[in-house]
1. Restricting attention to segment 68-112, which residues are buried (at least 20 other Cβ atoms within 10 Å of the Cβ), closer than 14 Å to Ala124 by Cβ and of a type in the set (Gly, Ala, Ser)?
2. Given Pro236, Pro241, which one is surrounded by fewer than 17 Cβ atoms within 10 Å (Cβ to Cβ), in contact with a Phe, Trp or Tyr (Cβ under 9 Å, 6 or more places away or on another chain) and not in a strand (DSSP E or B)?
3. Can you name the condition, by its number, that Leu321 falls short on among (1) free of Cβ contacts under 8 Å to residues at least 24 places away in the same chain; (2) open to solvent by less than 10 Å² (accessible area, probe 1.4 Å)?
4. Which one is least open to solvent (accessible area, probe 1.4 Å) among residues in segment 382-404 that are under 24 Å from Asn437 (Cβ atoms) and of a type in the set (Asp, Glu)?
5. I need the full set of residues from segment 146-168 which are within 22 Å of the chain's Cα centre (by Cα) and surrounded by 20 or more Cβ atoms within 10 Å (Cβ to Cβ), in order please.
6. With the requirement that a residue be farther than 11 Å from Ile360 by Cα, open to solvent by 40 Å² or more (accessible area, probe 1.4 Å) and of a type in the set (A, V, I, L, M), what does segment 8-44 give you?
7. So which residues in segment 163-207 are farther than 25 Å from Pro238 by Cβ and without any contact (Cβ under 8 Å) to a residue 12 or more places away in the chain, if there are any at all?
8. Going by what's in this entry, would Leu372 be described as open to solvent by less than 30 Å² (accessible area, probe 1.4 Å), among the aliphatic types (A, V, I, L, M) and out of contact with any strand residue (DSSP E or B) (no Cβ under 9 Å at 6 or more places or on another chain)?
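The values are calculated or read from the model by the stated rules, or taken from the named source; none is laboratory data. Keep in mind that this is a model prediction, so the values were computed, not measured. Neighbour counts run over all protein chains shown; Cβ positions are idealised from the backbone, glycine included. Keep in mind that these areas ignore ligands, DNA and RNA; they rest on the heavy atoms of the full protein, side chains included. Shrake-Rupley method; radii C 1.70, N 1.55, O 1.52, S 1.80 Å.
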Amino acid sequence: MKTSPAHFPKIKTIAYEGPGAAHALAFRHYNPDEIVDGKSLSEHMRFSIAYWHSFRGTGSDPFGPGTIVRPWETGKDPVSVAKVRMNAAFEFHQKIRAPFWAFHDRDIAPEGSTLAQSNKNLEAVVAHAKQLQKATGVKLLWGTANLFSHPRYMCGASTNPDAHVFAYAAAQVKSALDATQELGGENYVFWGGREGYETLLNTNLKREQDHLAAFLHMAVDYAKSIGFKGQFLIEPKPKEPTKHQYDFDVASGIAFLRTYGLEKQFKFNIETNHATLAGHTFQHEIEVAASQNMLGSIDANSGDLLLGWDTDQFNTDVKELTLAMTSILKAGGLGSGGFNFDAKLRRPSIDAEDLFHAHIGGMDAYALAFKLARKILADGKFDSFVADRYASFDTGFGKDIATGKANFKSLEKLVLGKLGEPTPKSGKQEYLENLLNAYLHG
């Protein structure tokens, strides 16, 4: 299938030129064809492009309208415009060499005046996307439904106090799941952008959480009925747009899923910027999910610590990403997940070329972090230090504690007898930070 005319005619397919590359539109660390442990780097990284930011983002912010205008955003028929826009998106995927994409239903197809019209629009664009996937080899990492932008969802979707809104949201997710299944999506994401509350003066918190759980159970049941084999993912976020969102962070998400018997059906899609808003590090959220075998996928971005809101910037912090990547690799990777660039251009970055610079920077940073993390894990210095730090739980009374054989009385007897006062041992944080810097800058 042809996607001409070309929407990025001045830009060639981005090539790997190595760390010393002089050309700005080139990869320095990400060589998608490089073989690592029997798999290409492209297979390891599973990079995905977020359709909503890269092809629906306009550069708008809370203080002003959009600044980014693309030449393909013209025409009177919104479905036809959506198809041309999608042509541009898949051309970009081929030139940036990203094997996956991700979407919200309303990103790719315009909302109609009725749900029936919205569904018809979505079906038409999904058929076009399916042709483009077949022609290009680009796959769908995950799909989802936008249950937060339309005014009907101003008080939430599945947690809305109006059952009519709940029903509408269920119908919309049904169609989004159908679209994800049709396109071979490997995951489906739930982000509760307005599943929370502004004030408890008008909120029955327990009923809202009960309704959210009922909604997710319905989604699980429907997915089974259509043969969807993909992984369901929860994407935590503590606030914004809702003051207090129920999916605050990974830990609260795990508690919610276990409370309502959903822990076997869901894992987590962790976003760096959302971890920051929750007061955590990116690595912390990964470790919490991995500790319970619930690490699913990554939304690759970052926030600005000086602004305090969801800025969704491209992450080029190699130190942060290396720490995150060590935790991901120790957990065995992301399975059907990947690294989805849920990141947007800055408001003044209005050239089409800027879209390439942004993704090149993000892909290079993650690829470099992947390589550094592999070296760190292969050397084993950090793992050995941590293992030694907890070695007292591997033998003797420490092992009894770990295996549940000890109790307060037995431990009191030991301390009153031969153990006495513990001898403090240094955590050596500064030494370890220096060791990390040696890897980063060595």
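1. Answer for segment 68-112, where residues must be buried (at least 20 other Cβ atoms within 10 Å of the Cβ), closer than 14 Å to Ala124 by Cβ and of a type in the set (Gly, Ala, Ser): Ala82, Ala109.
2. Numbers: Pro236 fails: surrounded by fewer than 17 Cβ atoms within 10 Å (Cβ to Cβ).
Answer to the check: Pro241.
3. Leu321 satisfies all of (1) free of Cβ contacts under 8 Å to residues at least 24 places away in the same chain; (2) open to solvent by less than 10 Å² (accessible area, probe 1.4 Å) except (1).
4. Here is the first cut: in segment 382-404, the residues under 24 Å from Asn437 (Cβ atoms) are 382-389.
Right, trim to of a type in the set (Asp, Glu) and you get 383, 388.
Working: Asp383: 64, Asp388: 116 Å².
The residue in question is Asp383.
5. To start, the set of residues in segment 146-168 that are within 22 Å of the chain's Cα centre (by Cα) comprises 146-149, 156-158.
Correct list: Leu147, Gly156, Ala157, Ser158.
6. Ala22, Ile35
7. Residues of segment 163-207 farther than 25 Å from Pro238 by Cβ: 163-164, 167-168, 170-171, 174-175, 177-186.
Answer for segment 163-207, where residues must be farther than 25 Å from Pro238 by Cβ and without any contact (Cβ under 8 Å) to a residue 12 or more places away in the chain: Ala163, His164, Ala167.
8. Details: open to solvent by less than 30 Å² (accessible area, probe 1.4 Å): yes; among the aliphatic types (A, V, I, L, M): yes; out of contact with any strand residue (DSSP E or B) (no Cβ under 9 Å at 6 or more places or on another chain): yes.
Yes.
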